[in-house]
Ligand SMILES: Cc1ncc(COP(=O)(O)O)c(C=O)c1O
């Protein structure tokens, strides 16, 4: 293949932003380096100068996050080490034995596995709402499963397999009972699409910081409405730097969810990443994103032997190959062309039954997922298209 390059000449084209964003804005690396070398103190524990700097960085990042999701109270934003730990805190913190919970087929295992565990071991009744072939869920179908006893509706803002964006505001509007909390997993959209917790009726918003929100790996957050903050129980116990004479966890946010030292180095990077993100012209950034998504759809629509699945809204496309192993295509893209994408099931256990042509329940080899992010260029997308064409020709697909 003509794309072969040596390690010296190899240029890296990173198209796995749905897994984690890379590279980060330079400010992120600088802030982390500065904090680690010059400050390095714990947050929420000491009263000396560097500890106060750490406190201020954490407070600043909470404020930026609250603003980003239109939440009036930064104190209701708790930090976690990724999206998974935030989702676990939300699910185990509000769901009780025997509760009725609604979720959907598009979810990531970081939501499905805790819910499945509660179904198996705590007798919750779990309703899983299906999606269409692009990974979109009908809000009316979610509403149709609501019962007076429903305690939680848990749905992703966008599928990490197809990029389909869900109408979370419509779902929020259909929930009538004050006993039902709406949990939104914004892993694929925080930093890419506007999110308004209040207008969408979201009670709990969980997200990693390390994807579109420009934080480093090791960051995540859970933002709670006052209603959710009043209902949630801590699921991790330990030191919080407050009321240390007491054996119970603090009852107020964010301390009740933040046992143990925070990763302030990562939070310093995230704070700088959010500052960069919000300093960008949002409408120009959204236009860029649409252009990238449209070019990605265009170049992947014409690959012989492959079917492209996308929700159209984000620069994320999944390709299903009938005659060739997707892992092999991913490896060829990497080794021959320096293009990094992901193959497989993408930690989403259920969606593949709905997007693939095979009969339900047929084991799927998954998809080749191509995902752009901040900084992805049209030239990179074109080079991906050319590489895929070349691979399809070489392997005589189609
Ligand atoms: C939709 C979705 N939810 C949750 C997660 C989990 O995030 P993390 O890997 O930060 O735990 C991911 C990560 O890929 C995701 O795509």
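Derivation of every value follows stated rules applied to the coordinates shown; laboratory data play no part. Being a predicted model, the structure only gives us computed values, none of them experimental. So basically every Cβ, Gly included, is an ideal-geometry build from the backbone, and we count neighbours across all protein chains shown.
Packing-wise, with mean Cβ within 10 Å as the measure, how do 201-207, 346-352 rank, highest first? List each step's numbers first, then the result.
Values: 201-207: 27.9, 346-352: 20.9.
Put in order of decreasing packing, that is 201-207, 346-352.
Would you calculate, for the chain, the mean residue ellipticity at 222 nm contributed by helices, counting each DSSP H stretch of 4 or more residues as -39,500 (n - 2.57) and dividing by all residues, to the nearest 500?
Values: 13 runs with 147 residues, N = 398.
Estimated from H runs of four or more residues: -11500 deg cm²/dmol.
Relative contact order of the chain: what whole-number percent is it, with Cα pairs under 8 angstrom and at least 6 residues apart? Present the calculation step by step, with values, prior to reporting the outcome.
Details: 822 pairs, mean separation 94.3, N = 398.
The normalised contact order for the chain reaches 24 percent.
Could the peptides 172-183, 76-87, 127-138 be put in order, highest first, of the mean number of other beta-carbon atoms found within 10 Å of their residues? Don't skip to the end; give the middle numbers.
Numbers: 172-183: 17.1, 76-87: 23.8, 127-138: 19.3.
Sorting 172-183, 76-87, 127-138 by mean packing, highest first, produces 76-87, 127-138, 172-183.
If I fit a long axis through the Cα atoms of helix 326-337 and take the longest principal axis of the Cα atoms of the chain, what angle between them do I get, 0 to 90°, rounded to 10?
Taking Cα atoms only, the helix is inclined about 80 degrees.
Between helix 49-68 and the chain, what is the angle of the helix's C-alpha long axis to the longest principal axis, kept within 0 to 90° and rounded to the nearest 10?
For helix 49-68, the angle is close to 60 degrees.
I need the P(r) histogram for segment 1-128: all alpha carbon pairs, bin width 5 Å from 0 out to the longest distance, whole percents.
For segment 1-128, the pair-distance distribution reads 2, 8, 11, 12, 14, 14, 11, 10, 9, 6, 2, 1, 0.
Could you tell me the extents of segment 340-398's C-alpha atoms along the three principal axes, largest first, rounded to whole Å?
Principal axes ranked by extent give 38, 33, 14 Å for the Cα atoms.
Pull up the DSSP beta bridges for the chain and report the antiparallel fraction as a percent, rounded to 5.
Roughly 50 percent of the beta bridges in the chain run antiparallel, per DSSP.
Normalised radius of gyration for segment 26-279, please: alpha carbon Rg relative to 2.2 N^0.38 Å, two decimal places. Each step should come with its number before you reach the end.
Working: Rg = 18.1 Å, N = 254, 2.2 N^0.38 = 18.0 Å.
Ratio of Rg to 2.2 N^0.38 Å for segment 26-279: 1.00.
Of the peptides 245-251, 255-261, 217-223, 271-277, how do they stack up when ordered by the mean number of other Cβ atoms within 10 Å, highest first? Can you show the working numbers first?
Numbers: 245-251: 11.3, 255-261: 19.3, 217-223: 25.9, 271-277: 24.1.
Descending mean neighbour count gives 217-223, 271-277, 255-261, 245-251.
What angle, in degrees between 0 and 90 and rounded to the nearest 10, separates the Cα long axis of helix 109-122 from the longest principal axis of the Cα atoms of the chain?
Its long axis makes an angle of about 60 degrees.
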